[in-house]
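Asker: The structure is given below, and queries will be raised subsequently.
The values are calculated or read from the model by the stated rules, or taken from the named source; none is laboratory data. These figures come from a predicted structure and were not determined experimentally. Quick reminder, even Gly has a Cβ in these numbers, built from the backbone with ideal geometry, and neighbours come from all protein chains shown. Accessible surface is based on the protein model in full, side chains and every heavy atom, while ligands, DNA and RNA are left aside. Shrake-Rupley method; radii C 1.70, N 1.55, O 1.52, S 1.80 Å.
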Amino acid sequence: MATLILNASEILTLAGPDGPRAGKDRGGLGLLRDGAVLIEKGRIVAAGPKAVVLTDPLAKGANMLSAEGRVLMPGFVDAHTHPVFVAPRLEDFESRLAGKSYAEIAERGGGILSTVNGVRGAKEADLAAGLRMRALDFVSSGTTTIEAKSGYGLDLDNELKLLRVMRTVSSRGPLEIVPTFLGAHAVPPEYKGRKDEFVERICETMIPRVASEKLAVFVDLFCEKGYFDLADLQRIAIAGAKAGLKLKVHAEQLSRMGSLDAALKLGAVTADHLDCVTEDDLPALAISKTVACLVPGSNYFLGKPYPPARRLLDSGAAVALATDFNPGTCPCFDMRMIVSIACTQMKMSPAEALVSATINGAHALGLGATHGSLEAGKVADIACFDASDHRELAYWFGAPRTRWVMKRGEIVWKAP
Ligand code: NIG
Ligand code: FE
């Protein structure tokens, strides 16, 4: 039976042109004040003015669901996370508060490699149980789809283990998980001083195996001083493309290496972080198809300057916002918090931030045709918030406002 949602104070349909929203469309919410959404079999049949939606034959006899004067919008699409790990990194956190840098902490045995130790010692079932709990955290804050990166295994078996955990948790729902193979996240101890051999192992063995088991959609790498360089980016992108994996790049995060320019030339779907981009980088990004995926929660948590979101938007780049949820640089799963940080710290407007956190997040995952907006034919992934004006989603920070969340037409979470 069909479901008809009525009585929303605002419906943010995010309806608009195909493709990532940029330029004049960067803040287009497709806002309806007297709107309705009609759903059948997990898909949106119609979303528009109530008077129009009610003329659809399916509206007659549909189940009514009242939004009770609240804001309805597509579920958040969080296009950058590292959610499969065992423990928080509280010692790293405390050391950083005492003045140590991310690099110093990594050199002293903290950082990514300490999370790798935890993952290597963990059973697949326990990692899956942990991810299932975190999936509910994401959903309860209004997120219906995430991208998830491996990268805490760093050998074939442990990377496969992480990717299988994502597949298991995604298949049981309610959170949809798009997997990314991030073998080149750090050089593991057994390859210390032999980075090139590790990259060869990634390209020759790991990427083909991950792809043959259909365990990932994307390949990614941490292109950064002390981690992986531009030559590695080239090799990994080529090996990924050969195996059918699309490219994402952790680019210009802690230093500027030219990784954005290289990512654009390699046709990356997203270039992520971009804290250190300069004016010279902007024109090529603006005319490219690559989405700039900004993760300001990590800047907040590390106490670092923010990426120049305003300059990126004003130059015509398509911007997505994501959490970067991970135990080292952003233990925040709440996209509303990220939206709020984007507004207050990077001076994005609430409308721009919501576009970036929904439809542009979907495009950052290659899912722009099916996710990220409330338009006929798309999946019925919908979040309802305790607010009567969309600007409240950025305004009330630090406390939950989610009322209910729908995934593929089913209510999967309700506020207690
Ligand atoms: O996106 N930059 C590399 N990866 C993560 C950090 C992961 C970690 O510290 O565990 C990031 O910030
Ligand atoms: Fe990351």
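Asker: Work out the charge dipole of region 77-363 with +1 on the Cβ of Lys and Arg and -1 on the Cβ of Asp and Glu about the Cα centre, then indicate which of Gly258, Ile287, Ala351 is farthest towards its positive end.
Answerer: Result: Ala351, furthest along the dipole toward the positive end.
Asker: Which aspartates and glutamates have a Cα less than 17 Å from the Cα of Lys100, not counting those fewer than 8 places away in the same chain?
Answerer: Of all the aspartates and glutamates, those that pass the test against Lys100 - Cα under 17 Å, at least 8 places apart if same chain - are Glu91, Asp92.
Asker: Just the number please: accessible area per residue for region 18-149, 1.4 Å probe, all protein chains included, in Å².
Answerer: Here the residues of region 18-149 average 47 Å² of exposed surface.
Asker: A further question on this structure: Rounded to the nearest 5, what % of the DSSP beta bridges within the chain are antiparallel ones?
Answerer: 45
Asker: Using a probe of 1.4 angstrom, how much of the accessible area of the chain is carbon and sulfur, in percent?
Answerer: That share works out to 54 percent.
Asker: Quickly estimate the mean residue ellipticity at 222 nm for the chain, helices only: each DSSP H run with n ≥ 4 gives -39500 (n - 2.57), and the total goes over all residues, rounded to 500.
Answerer: After summing the helix terms and dividing by residue count, I get -9500 deg cm²/dmol.
Asker: Under the rule of at least 5 residues apart or a separate chain, name every residue whose amide H is placed under 5 Å from the amide H of Ala36.
Answerer: Gly48, Lys50
Asker: Further, regarding this structure: Count neighbours as other Cβ atoms within 10 Å of each site's Cβ, and list the trypsin sites (Lys or Arg not before Pro) in region 82-145 that are DSSP loop with at most 16 such neighbours.
Answerer: Counting only loop positions with at most 16 other Cβ atoms within 10 Å, the trypsin sites (Lys or Arg not before Pro) in region 82-145 are Lys100, Arg108, Lys123.
Asker: Which ³J(HN,Hα) values, rounded to whole Hz and listed in residue order, are derived for region 194-209 from phi using the Karplus coefficients 6.51, -1.76 and 1.60 in 6.51 cos²θ - 1.76 cosθ + 1.60 with θ = phi - 60°, glycine and proline given as x?
Answerer: With the stated coefficients, region 194-209 comes to 10, 4, 4, 5, 5, 5, 4, 4, 4, 6, 7, 10, 6, 4, x, 5 Hz.
Asker: Oh, and also: Applying the Karplus parametrisation 6.51 cos²θ - 1.76 cosθ + 1.60 with θ = phi - 60° to the phi angles of region 382-391, what ³J(HN,Hα) value in whole Hz is obtained for each residue in order, glycine and proline being reported as x?
Answerer: Going residue by residue, I get 9, 10, 10, 10, 6, 6, 10, 9, 4, 5 Hz, with x marking Gly and Pro.
Asker: Okay, moving on. Is the shape of region 77-363 rounded, prolate or oblate, going by the alpha carbon gyration tensor and its root eigenvalues a ≥ b ≥ c, with a/c under 1.5 for rounded and a/b larger than b/c for prolate?
Answerer: Rounded, since a/c falls under 1.5.
Asker: Something else: Can you bin region 70-192 into rounded, prolate or oblate? Criterion: square roots of the alpha carbon gyration tensor eigenvalues sorted a ≥ b ≥ c, rounded for a/c under 1.5, prolate for a/b above b/c, oblate for the rest.
Answerer: oblate
Asker: Still on this structure, please answer the following. Contact order normalised by length for region 35-120, with contacts defined as Cα pairs under 8 Å and 6 or more residues apart; what percent is it?
Answerer: 17
Asker: Moving on. With a sphere of radius 12 Å drawn around the Cβ of Val319, what net charge do the other residues whose Cβ falls strictly inside it have (Lys, Arg +1; Asp, Glu -1)?
Answerer: 0
Asker: Based on the mean of other Cβ atoms within 10 Å per residue, sort peptides 168-176, 355-363, 137-145 so the most packed one is first.
Answerer: Packing proxy ranking, top to bottom: 355-363, 137-145, 168-176.
Asker: In whole Hz, with x marking every Gly and Pro, tabulate ³J(HN,Hα) for region 119-130 from phi via Karplus 6.51 cos²θ - 1.76 cosθ + 1.60, θ = phi - 60°.
Answerer: 5, 4, x, 9, 7, 4, 5, 6, 5, 5, 5, x
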